[in-house]
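Structure first, commentary second.
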Amino acid sequence: MAETKLVGVDVGGTFTDLVVVDEASGRVQVAKVPTTVANQATGVVAALAAAAAGPAELKVIVHGTTTATNALLERKGARTGLITTRGFRDVLELGRRTRPTPYGLKGSFEPLIPRDLRLEVDERVDAEGLVVVPLAEDQVREAVDRLRAQGVEALVIHFIHSYLNDSHERRAREIAAALWPNAYITVGAELLPEYREFERGTTAAINGFVQPVIDRYLRKLAGDLARQGYRRELLVMQGNGGTMSVDVAARHAVSTLMSGPAAGVKAAAYTALAAGHQNIISCDMGGTSFDVGVIRGGRPALTADKEMGYGLPVRVPMIDIHTIGAGGGSIARVNSGGILQVGPESAGADPGSICYGRGGEEPTITDANLLLGRLNPAGLLGVDGAAQLDRIREIFDKKIGAHLGLDPDQVASAIVRVANDKMAGAIRMVSLQRGHDPRDFTLFAFGGAGPLHAVALARELALPRVLVPARPGHHLGARLPRGRRAPRLREDGEPAGAAARRGRGATHPRRPDGGRPAAPRLRRRGDRDGERRARGGHAVRRADPRPHRAHPADGLRARGPHPRLRARVLGALRGRAPGDARAGREPAHRGHRPAPARVPRRPHRPRGRGRGARAPRRAGARGSRAPGTTRRCTGASSSGSASSSRGRPSWSSSTPPR
């Protein structure tokens with residue numbers, strides 16, 4: 001049997017997504033199954049079966065995984081011990097002397113390796129790489145025996161200045177390998193031969209912490225695939241966007257951190273570049289997290305200073321991705337202060353959201369979208385049967401509505417709004433706070449829940465365009481090997497152009513005259529400018545550009561005239577009179593916005609020499625006005641025919657506003 005199929009598979013916290021591309025026919029098949037938390041390899045095999053892809057006919061399998069990331073964040077790795085230079089056992093705990101909360105007196109930090117499992121031996125290499133104190137080999141053997149007796153599974157060896165001279169680390173590894181019951185031994189200089197003892201030691205500790213978890217998972221998956229006839233190498237995604245074999249991944253497990261999100265950013269860059277967009281902000285909203293990355297010139301940004309939590313820097317190259325706990329399965333609750341909070345805890349795959357029907361009892365973002373009518377209750381992927389809306393309303397009312405005085409629909413709207421605010425903050429983190437203007441980028445939304453929130457995020461951040469791939473829920477696994485182009489498919493699943501290759505007289509199934517159907521053009525209700533265009537199999541939705549322009553009151557917030565005038569201007573710009581009871585609500589949509597109120601003219605007070613009066617400006621001075629003239633804001637123009645800045649206030653004065 002010919003091996004013509006390429007497979008990309010991503011194991012997330014809620015679902016396992018798989019994409020199969022047949023090189024011979026160009027046909028694409030997708031599958032989505034719940035992640036099997038106890039044994040993720042079972043979910044991968046189940047996804048292959050759901051896509052009718054036999055392992056014997058597969059040419060390559062590229063696997064993105066969040067196993068290492070989840071094990072680190074949830075502190076569910078192996079019991080790890082450390083052997084280090086005498087006097088430096090507390091480097092991992094002291095760190096850079098920062099605090100978890102910079103402006104607070106509270107906070108705690110628990111190192112990956114407890115202090116009683118960090119042992120010291122006599123040895124010392126100076127900053128020039130010269131041996132000052134020889135390695136005490138007897139003490140190394142003694143430390144290994146003590147750690148074995150305490151049930152340690154993974155061993156880390158980290159000596160000071162080993163990046164210049166690693167002879168002591170290599171010798172300590174030889175001694176430990178003769179006594180250690182497995183191959184889980186990490187040497188700091190071998191993993192990261194760079195200076196900065198804290199960062200190198202933490203990277204080595206993370207590698208030892210997740211190494212047994214990754215090794216067991218990948219070995220089992222490779223064994224299951226081999227038993228079913230797969231004869232090629234299983235390729236594992238790295239956090240920097242490359243791939244490696246199972247053997248390399250087992251030794252350098254830290255390189256698999258953020259491997260799943262990195263595959264998504266690489267796929268986003270590839271797809272957006274093919275669609276003609278080079279500057280992208282990718283947002284991947286899955287079931288557990290929301291991952292944001294910046295792509296400039298078609299290339300994702302890289303970093304070597306990734307923080308996987310407080311006190312856990314990782315000094316290995318990886319794609320720069322900012323992650324927050326705001327996925328479709330993120331749990332909404334009312335905290336002790338009576339405030340609605342969404343995430344970072346997730347319902348996961350088991351039991352999952354309420355709508356999955358597996359016993360979930362916590363409100364989630366997916367449940368909120370379903371209650372608002374944004375999802376089809378009978379068409380949820382990976383869910384058998386239709387969702388029970390009555391059950392969702394009951395739980396929403398009991399756990400949130402009763403505390404906040406809201407009905408279930410209002411609770412759902414509040415959950416979505418809070419989640420959007422969190423996700424907008426994550427996008428600001430990777431754009432504005434790093435000197436990038438969001439208006440210069442296109443928002444690329446994917447993941448199972450990404451497109452549901454994309455337009456709201458674009459409006460909030462003034463992103464002019466939203467690009468959605470053809471299969472956003474499976475986009476993580478859609479990255480093909482370099483040099484291969486993803487086939488463009490019609491809606492019926494047949495490769496584009498296949499009918500033309502069969503013969504010149506072939507017709508399109510939906511057009512009896514054989515012509516090419518026009519690209520669908522969909523408009524949002526009440527919005528004349530919003531449209532959705534089919535381009536190369538990807539939907540491009542242009543957000544309304546006018547609400548996203550620089551707000552005329554931005555300067556008032558920064559410099560500001562009199563506070564009363566500022567309040568009047570802000571009220572006029574929002575389409576309401578001063579003192580309107582609707583303050584704090586969202587402005588109406590542009591298509592339904594009421595006529596803006598005129599700002600009352602401030603009474604003119606002639607300047608004099610009385611008490612508190614300023615001296616008049618001399619004639620011809622900069623910013624001077626003719627006597628008796630004032631400057632006033634007449635509100636936003638309703639016709640928009642006299643000015644290109646439609647919807648902005650017009651200022652009447654002898655001089656432009658300062």
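The residues of segment 218-245 that are open to solvent by less than 10 Å² (accessible area, probe 1.4 Å) and more than 23 Å from HIS322 (Cα to Cα), listed by number, are LEU218, LEU221, LEU225, LEU234. With respect to ILE415, is the statement that it is closer than 17 Å to VAL265 by Cβ, among the β-branched types (Val, Ile, Thr), in a helix (DSSP H, G or I) and in contact (Cβ under 8 Å) with a residue 40 or more places away in the chain true? So ILE415 fails the test. What's the number of the only condition in (1) under 29 Å from MET237 (Cα atoms); (2) modelled with pLDDT of 90 or more; (3) crowded, with 24+ Cβ neighbours inside 10 Å; (4) out of contact with any His (no Cβ under 7 Å at 6 or more places or on another chain) that ALA458 fails to meet? All conditions are met except number (1). Residues in segment 322-354 that are surrounded by fewer than 24 Cβ atoms within 10 Å (Cβ to Cβ) and touching a helix residue (DSSP H, G or I) at 6+ places or on another chain (Cβ under 8 Å): HIS322, THR323, ILE324, ARG333, VAL334, GLY338, LEU340, GLN341, GLY343. Of the strands (runs of 3 or more DSSP E) lying entirely inside segment 247-348, those containing at least 3 residues that are touching a strand residue (DSSP E or B) at 6+ places or on another chain (Cβ under 6 Å) and within 30 Å of ASP440 (Cα to Cα) are 280-285, 290-296, 321-324.
Once segment 1-42 is narrowed to residues that are of a type in the set (A, V, I, L, M) and in contact with a Ser or Thr (Cβ under 6 Å, 6 or more places away or on another chain), the residue that is farthest from GLY352 (Cα to Cα) is ALA24. The strands (runs of 3 or more DSSP E) found entirely in segment 3-46 that carry 2 or more residues being open to solvent by less than 10 Å² (accessible area, probe 1.4 Å) are 5-11, 15-22.
The residues listed here are ALA249, ALA274; of these, the one that is small (Gly, Ala, Ser) and either open to solvent by less than 40 Å² (accessible area, probe 1.4 Å) or modelled with pLDDT under 90 (or both) is ALA249. Since ALA204 meets every condition but one in (1) over 26 Å from MET237 (Cα atoms); (2) in contact with a helix residue (DSSP H, G or I) (Cβ under 6 Å, 6 or more places away or on another chain), which condition does it not meet? With respect to (1) over 26 Å from MET237 (Cα atoms); (2) in contact with a helix residue (DSSP H, G or I) (Cβ under 6 Å, 6 or more places away or on another chain), ALA204 is out only on (1). Filtering segment 47-93 to residues that are β-branched (Val, Ile, Thr) and either within 30 Å of the chain's Cα centre (by Cα) or open to solvent by 10 Å² or more (accessible area, probe 1.4 Å) (or both) leaves VAL60, ILE61, VAL62, THR65, THR66, THR67, THR69, THR80, VAL91.
Looking only at segment 372-384, which residues are open to solvent by less than 50 Å² (accessible area, probe 1.4 Å) and more than 24 Å from the chain's Cα centre (by Cα)? Selection gives PRO377, GLY379, VAL383.
Restricting attention to segment 156-203, the residues that are closer than 21 Å to PRO134 by Cβ and of a type outside the set (Val, Ile, Thr) total 24.
Residues that are open to solvent by 10 Å² or more (accessible area, probe 1.4 Å) and touching a residue at least 60 places away in the same chain (Cβ under 8 Å) within segment 108-120 comprise PHE109, PRO111, LEU112, listed in sequence order. Could you look through segment 122-149, keep only residues that are over 15 Å from ALA172 (Cβ atoms) and assigned to a loop (DSSP other than H, G, I, E, B), and pick out the one that is most open to solvent (accessible area, probe 1.4 Å)? Residue satisfying both the conditions and the ranking: GLU128. How about segment 204-246: which of its residues are touching a Gly at 6+ places or on another chain (Cβ under 7 Å), farther than 14 Å from ILE185 by Cα and not in a loop (DSSP other than H, G, I, E, B)? Within segment 204-246, MET237 is the sole residue that qualifies.
Residues are listed down the side, and each one gets a yes or a no for (1) over 30 Å from ASN279 (Cβ atoms); (2) of a type outside the set (D, E, K, R); (3) surrounded by 14 or more Cβ atoms within 10 Å (Cβ to Cβ):
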{"site": "LYS398", "(1), (2), (3)": "yes, no, no"}
{"site": "GLY401", "(1), (2), (3)": "yes, yes, yes"}
{"site": "ASP407", "(1), (2), (3)": "yes, no, no"}
{"site": "ALA412", "(1), (2), (3)": "yes, yes, yes"}
{"site": "VAL416", "(1), (2), (3)": "no, yes, yes"}
{"site": "MET429", "(1), (2), (3)": "no, yes, no"}
{"site": "HIS436", "(1), (2), (3)": "no, yes, yes"}
{"site": "ARG439", "(1), (2), (3)": "no, no, yes"}
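Quick check, is ALA71 modelled with pLDDT under 90, aliphatic (A, V, I, L, M), touching a helix residue (DSSP H, G or I) at 6+ places or on another chain (Cβ under 7 Å) and not in a loop (DSSP other than H, G, I, E, B)?
Considered against the rule, which asks whether it is modelled with pLDDT under 90, aliphatic (A, V, I, L, M), touching a helix residue (DSSP H, G or I) at 6+ places or on another chain (Cβ under 7 Å) and not in a loop (DSSP other than H, G, I, E, B), ALA71 comes out as yes.
Just a yes or no: is a residue in segment 149-170 of a type outside the set (Phe, Trp, Tyr), without any contact (Cβ under 8 Å) to a residue 12 or more places away in the chain and closer than 24 Å to GLU93 by Cα? For segment 149-170, residues of a type outside the set (Phe, Trp, Tyr), without any contact (Cβ under 8 Å) to a residue 12 or more places away in the chain and closer than 24 Å to GLU93 by Cα: present.
The values are calculated or read from the model by the stated rules, or taken from the named source; none is laboratory data. Bear in mind that the values here come from a model prediction, so they are computed numbers and not experimental data. Virtual Cβ from ideal backbone geometry, glycine too; neighbours counted across all protein chains shown. Ligands, DNA and RNA are stripped out before the accessible areas are found, and what is left, the full protein with its side chains, is counted by its heavy atoms. Shrake-Rupley method; radii C 1.70, N 1.55, O 1.52, S 1.80 Å.
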